[in-house]
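K.L.:
Dumping the structure here so I can ask a few things about it.
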2 protein chains.
Amino acid sequence: MRCEVIAIGTELLLGIIVDSNSAWLGEQLALAGIDSYYQVKVGDNFARIEACIRQGLERSDAVICCGGLGPTQDDITRDVIARVMGVDMRRDQAIADKIRHIFESRGRVMSANNLLQANIPIGAQPIAQMPGTAPGLVCPVGGKVIYAVPGVPSEMREMFLGTILPDLQRRAGQASVIRSRVLRTWGMSESGLAEVLAKRFDELDKLGNPTIAFQASGIDGIKVRVVAKCDDEATATRILNAEEELIRGLLGDVIFGIDDQSMETVVLELLRRRGLTVAAAETITGGILSARMSAADTTMETFRGARIAPETGTAGGLKPEQRAAGAASQARSEFATRVGLAAVAPGADEGYGPGCVFLAADIDGSQHAEKVLLTPDRRRMREFSVISLLNLLRRNLS
Amino acid sequence: MRCEVIAIGTELLLGIIVDSNSAWLGEQLALAGIDSYYQVKVGDNFARIEACIRQGLERSDAVICCGGLGPTQDDITRDVIARVMGVDMRRDQAIADKIRHIFESRGRVMSANNLLQANIPIGAQPIAQMPGTAPGLVCPVGGKVIYAVPGVPSEMREMFLGTILPDLQRRAGQASVIRSRVLRTWGMSESGLAEVLAKRFDELDKLGNPTIAFQASGIDGIKVRVVAKCDDEATATRILNAEEELIRGLLGDVIFGIDDQSMETVVLELLRRRGLTVAAAETITGGILSARMSAADTTMETFRGARIAPETGTAGGLKPEQRAAGAASQARSEFATRVGLAAVAPGADEGYGPGCVFLAADIDGSQHAEKVLLTPDRRRMREFSVISLLNLLRRNLS
């Protein structure tokens, strides 16, 4: 089963918008075992869109068209698809009513051109999911199929997961359920993970299901993705649960969370469960830790704040690990919290070499410390220090 | 003149990397008046890359291949191009020496496969710019041309600007110099800008050179891009300078900078020139201002720090503008700076409606204040508050 993605919109070619939809679709298709050999961007031009769709149908079994479904005169995807299908358009009354209802419920006046979105090629089926005013379409052409979805990422994703992916899987005669779980890790290299999991990899190679893959993701750590293909949801869940338990047994607390959990959401949840509050002293991290924590804890009931200031020199003869511990304690008392955090980068004259950062977490007066060696690039040092510091706290809260 | 972009790499199709190179190239080509009607992503597969390049040469005058020039067995772009050109490869000794030298100068051992990068199709010219170990290529095919550049964005950009763009312009018989300047604005809507510039737009429509276009860029404001096409560099500079002066006369201090200047770099420069230092009290902005300022002022000699904490309630009966002013003064005294900044979002019970934020800048004890109405989405409110606050300071420093 091959599926091609065509992203439609002149603004994509002009670089005004970066096409991230194709990358997301490519990842989803790969996860589902569907090949995607070509992804194309084309402008709002009838003949060129038509040529791309026709070529897509020649060399693939399915084509997903993203964008060009809105109400303006640039939005011609529907018309091009009708031409390729060799059919006329019909007004879909149910869709027209939905569009009117969306405007009414938002208290907005609907201009007439919005109803153009209710015109669909004869023989095409509107996609049930319709979070916006532009319906998606499933358009059979011979034994193949063209899907059309809006370019708005959230709408595109809802329609893909709700209708297109199941339809593709049905056409491919695939196992009816494909589910994945991402185990999020921090603190071990990809080769280190591969070594620990080597035996399990061999076993799964023979079993064939589930499969495991790594994905290095910068400050989001290395993701271990487990994919299970099964006949039903319950079996998929059972397999994913069993595999997660097995991998957790091998990797231990290198795993900080699953799926969309971030380091800060995990740390905040651990703090909340224990009724703890936290504050920070930010020097090298310059506000990045606070920005992340306050984005995840919007009321700032758990993350109580931070003081951001440059280190005031290495006077007093204190070593960097002592200064980090002192700053973490100071953050606790300044913000009246039970936990304090700090990261200190030693001065160039302290003899630690570039990329060295000292981390400190003070939990109720108990000091936890770690020295990390990071890529000596300032931007990366700042970001990796934040995650490493949160990870130090996490490991001492679990 | 038509130029097609082909991004090569299976990791692009799988969504492991988002292809931002094509968007950048599309923008550059559009600026230069070169049409780019198709952009294609294809995996590391000989036959499929070949098909894409051949199709590109059919429907366009030039093809830029991005990626697949490294030393591993996945990197086959060079070989595919040789096949399309119908030629063998030759070892380029100068390139081989350069590659050896790059490894030596970094004190690293070179594995033999790196010299594969010195193999180039007979008839192709290596691109003079070579910041990494993979050379770019200019490969004539009949009257058309294939360019090959590495997928590393910085290397790709240097080669495009240094060699490919001038070569494309020469082939197109274009004016030898195309230069652009971006005037960065904050605080006026796109329709507001269009109204103020309407007369000038009409004049330029008749003149044809330079041209002006808007580009809405979220928290980077709205960019006004001026493009001049001329016979020589001096004329281009003169036209851009004159147009910038004219637009500045119309828009005034809505323009905060040019080209790659960000709001924070502009504000930091104004502060430095006056010998001022700044600190902030961050409540709703939660560290975002500090993270941006400390990234731009790495030594924190001008941005001296911030205190991040939730507002401690509206007790005392102070109005939000008074609380913002108080917090800005407090930041000055706490960090011993001459300038203090604060943004306060009133409580839901204070009757200001959602999206309302009070900004305060205290310069040597003089209070400057502004009330802004932002989209009441928390993430956007935080980010837009930061830029609006820095803009308030900028306007009172100029």
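Where a number appears in this text, it was derived from the coordinates with a stated rule and is not lab data. Small disclaimer: the values here were computed from a predicted structure and weren't measured. Don't worry about glycine lacking a Cβ; one is built from the backbone with ideal geometry, like all the others, and counts go over all protein chains shown.
K.L.:
In whole Hz and in residue order, list the ³J(HN,Hα) couplings for the range A:129-134 that follow from phi through the Karplus curve 6.51 cos²θ - 1.76 cosθ + 1.60, θ = phi - 60°; x for Gly and Pro.
P.N.:
Once θ is set to phi - 60°, the couplings for the range A:129-134 become 5, 8, x, x, 8, 9 Hz.
K.L.:
Would you kindly compute the Cα radius of gyration of chain A and its largest Cα-Cα separation (Dmax), both in Å?
P.N.:
Values for chain A (Cα only, Rg and Dmax): 26.4, 83 Å.
K.L.:
Please list the non-local residues whose amide H lies under 5 Å from the amide H of A:Ile127, H modeled 1.01 Å from N, same-chain partners needing a gap of 5 or more.
P.N.:
Amide H neighbours of A:Ile127, under 5 Å, 5+ apart: A:Gly136, A:Leu137, A:Val138.
K.L.:
Could you tell me which of A:Met300, A:Thr77, A:Gln55 has its Cα farthest along the dipole of chain A towards the positive end, charges placed at Cβ (Lys, Arg +1; Asp, Glu -1), taken about the Cα centre?
P.N.:
A:Met300
K.L.:
Hey, any idea what Rg/Rh is for the range B:229-345, computing Rh the Kirkwood way over Cα pairs? Mind showing how you got there, number by number?
P.N.:
Values: Rg = 19.0 Å, Rh = 16.6 Å.
Taking Rh as the inverse mean 1/r over Cα pairs, Rg/Rh reads 1.14.
K.L.:
For A:Ile64, what residues show an amide H to amide H distance below 5 Å, using hydrogens built from the backbone and excluding near sequence neighbours?
P.N.:
HN-HN under 5 Å from A:Ile64: A:Glu4, A:Val5, A:Ile6, A:Tyr147.
K.L.:
To make sure I understand the rule: partners must be lysines, Cα under 24 Å from the Cα of B:Lys319, and not fewer than 8 residues away in the same chain. Which ones qualify?
P.N.:
Within the straight-line cut-off, B:Lys319 pairs with B:Lys371.
K.L.:
If you average the C-alpha positions of the range A:65-119 and of the range B:152-191 separately, how far apart do those two centres end up, in angstrom?
P.N.:
Here the answer is 37 Å between Cα centres.
K.L.:
Still on this structure: Mind pulling up the Rg/Rh value for the range B:261-317? Radius of gyration and Kirkwood radius, both on Cα. Intermediate results must be reported in sequence, preceding the final value.
P.N.:
Details: Rg = 13.1 Å, Rh = 12.3 Å.
Rg/Rh for the range B:261-317 comes to 1.07.
K.L.:
Looking at the P(r) of the range A:177-258, how many percent of alpha-carbon pairs lie beyond 23 Å? Please list the in-between numbers first.
P.N.:
Numbers: 547 of 3321 pairs.
Roughly 16 percent, rounded to a whole number.
K.L.:
Right, next: Mind listing the phi-derived Karplus ³J(HN,Hα) values for the range A:93-109, rounded to whole Hz, using 6.51, -1.76 and 1.60 with θ = phi - 60°, and x for any glycine or proline?
P.N.:
For the range A:93-109, the Karplus curve yields 5, 4, 5, 4, 5, 4, 4, 4, 5, 4, 5, 4, 5, 9, x, 10, 7 Hz.
K.L.:
Could you give the C-alpha radius of gyration of the range B:1-109 expressed as a fraction of 2.2 N^0.38 Å, taking N as the number of residues it contains? Let's see the in-between values first.
P.N.:
Details: Rg = 15.7 Å, N = 109, 2.2 N^0.38 = 13.1 Å.
After normalising by residue count via 2.2 N^0.38 Å, the value is 1.20.
K.L.:
Using a label point 7 angstrom from Cα along Cα-to-C-beta, what distances in nm, from shortest up, separate B:Thr298 from the other copies?
P.N.:
Reported distances to equivalent positions: 3.6 nm.
K.L.:
Under a GNM of chain A (C-alpha, springs under 10 Å), which listed residue has the highest mean-square fluctuation: A:Ser385, A:Ser105, A:Ser60?
P.N.:
Comparing A:Ser385, A:Ser105, A:Ser60 in the GNM, the peak value goes to A:Ser105.
K.L.:
Give me the dipole magnitude in Debye, nearest 20, for the protein assembly as shown about the Cα centre, with unit charges on the beta carbon: positive for Lys and Arg, negative for Asp and Glu.
P.N.:
Values: 90 positive and 98 negative charges, 62 e Å.
Using Cβ point charges on Lys, Arg, Asp and Glu, the protein assembly as shown gives about 300 debye.
K.L.:
Work out, step by step, the length gained on full extension between A:Lys206 and A:Ser191: first 0.36 nm times the residue separation, then minus their alpha carbon distance; give nm to one decimal.
P.N.:
In short, 3.3 nm is gained.
K.L.:
Given N residues in the protein assembly as shown, what is its alpha carbon radius of gyration divided by 2.2 N^0.38 Å? The partial results should precede the final answer.
P.N.:
On the way: Rg = 28.7 Å, N = 796, 2.2 N^0.38 = 27.8 Å.
In units of the globular-protein estimate, the protein assembly as shown measures up at 1.03.
K.L.:
Here is a further query. Estimate the FRET efficiency between A:Gln93 and A:Gln73 by the formula 1/(1 + (r/R0)^6), using the beta-carbon distance for r and 25 Å for R0, to the nearest 0.05. Let's see the in-between values first.
P.N.:
Values: r = 23 Å, r/R0 = 0.93.
That pair, A:Gln93 with A:Gln73, gives E of 0.60.
K.L.:
With a sphere of radius 13 Å drawn around the Cβ of A:Thr375, what net charge do the other residues whose Cβ falls strictly inside it have (Lys, Arg +1; Asp, Glu -1)?
P.N.:
Values: positive: A:Arg378, A:Arg379, A:Arg380, A:Arg382; negative: A:Asp377, A:Glu383.
Charge balance near A:Thr375 sits at +2.
K.L.:
Oh, and also: Please report, in whole Å³, the volume per residue of the convex hull around the C-alpha atoms of the range B:109-257. If you can, show how the numbers build up before the last one.
P.N.:
Numbers: hull volume 23.8 nm³, N = 149.
For the range B:109-257, the hull spanned by Cα atoms encloses 160 Å³ per residue.
K.L.:
Taking N as the number of residues in the range B:31-169, what value does Rg over Cα atoms divided by 2.2 N^0.38 Å take?
P.N.:
On the way: Rg = 14.7 Å, N = 139, 2.2 N^0.38 = 14.3 Å.
The value comes to 1.02.
K.L.:
To test your reading of the geometry: what angle, between 0 and 90 degrees and rounded to tens, separates the Cα axis of helix A:21-31 from the longest principal axis of chain A?
P.N.:
Compared with the principal axis, the helix lies near 90 degrees.
K.L.:
Residue by residue through the range B:38-47, what is 3J(HN,Hα) from phi via Karplus (6.51 cos²θ - 1.76 cosθ + 1.60, θ = phi - 60°)? Round to whole Hz and write x for glycine and proline.
P.N.:
9, 9, 10, 10, 9, x, 7, 10, 3, 5
K.L.:
So, one more: Going 7 Å from the Cα of B:Arg59 in the Cα-to-Cβ direction, what parts of the range A:11-43 have a backbone nitrogen less than 13 Å from that spot?
P.N.:
Counting backbone N atoms under 13 Å from the label point, the list is A:39-43.
K.L.:
Rounded to the nearest 20 Debye, what is the dipole magnitude of chain B about its Cα centre when Lys and Arg each give +1 and Asp and Glu each give -1 at the C-beta? Show your work: numbers first, answer last.
P.N.:
Values: 45 positive and 49 negative charges, 60 e Å.
Once rounded to the nearest 20, the dipole reads 280 debye.
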